[in-house]
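The values are calculated or read from the model by the stated rules, or taken from the named source; none is laboratory data. Predicted, not measured: the structure shown is a model, and the values here were computed from it. Note: areas computed on protein heavy atoms with side chains; ligands, DNA, RNA excluded. Shrake-Rupley method; radii C 1.70, N 1.55, O 1.52, S 1.80 Å.
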Amino acid sequence: QVQLVESGGGSVQAGGSLRLSCAASTRTFSSYAMAWFRQAPGKEREFVAAISWSGDITYYADSVKGRFTISRDNAKNTVYLQMNSLKPEDTAVYYCAVRSSRIATIVERSYDYWGQGTQVTVSS
């Protein structure tokens, strides 16, 4: 069982930045791929970004490419999502997820454990 705790959400004006963090309670964090998903009100949860176990392979949704950066610090068992140039349509609850594999994917059902989510609100 892996527990994930997200932090760093909040309210920001359009054009602003936020950095989300997700701390994992596992000694084998460095063996797992990680990802961020988000769910806006009235919409299904969608993929945002993913990172391989070593951090050398990353994937991004087209809607965030060039604005968001996913990274990880295996020494701290933490994955990050740096969000710049935020837009009102980025408003959502953001979830981090861990996959029991070193290989990252963009497929939601391939992730095994999920955090509780953190709210990001972007005002125009």
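If ligands, DNA and RNA are left out, what is the accessible area of K43 with a 1.4 Å probe, given in Å² to the nearest 10?
Its accessible surface works out to 140 Å², give or take rounding.
Search the structure for amide H atoms under 5 Å from the amide H of S100, placed 1.01 Å from N in the peptide plane, and list their residues when 5 or more places away or on another chain.
D112
Per residue, how much accessible area does the stretch 58-124 have with a 1.4 Å probe, in Å²?
Numbers: 3380 Å² over 67 residues.
Using a 1.4 Å probe on heavy atoms only, each residue of the stretch 58-124 averages 50 Å².
Could you look at the chain and say what percent of its accessible area is carbon and sulfur, using a 1.4 Å probe and all protein chains?
46
From the protein chains alone at 1.4 Å, what is the descending order of accessible area for V5, V79, largest first? Before the final figure, lay out each step's value.
Numbers: V5 85, V79 0 Å².
So, going from the largest accessible area down, we get V5, V79.
Let me check I have the definition right: for the chain, take the eigenvalues of the Cα gyration tensor, multiply each by 5, take square roots. What are those semi-axes in whole Å, largest first?
Numbers: eigenvalues 103, 37, 36 Å².
The three semi-axes for the chain are 23, 14, 14 Å.
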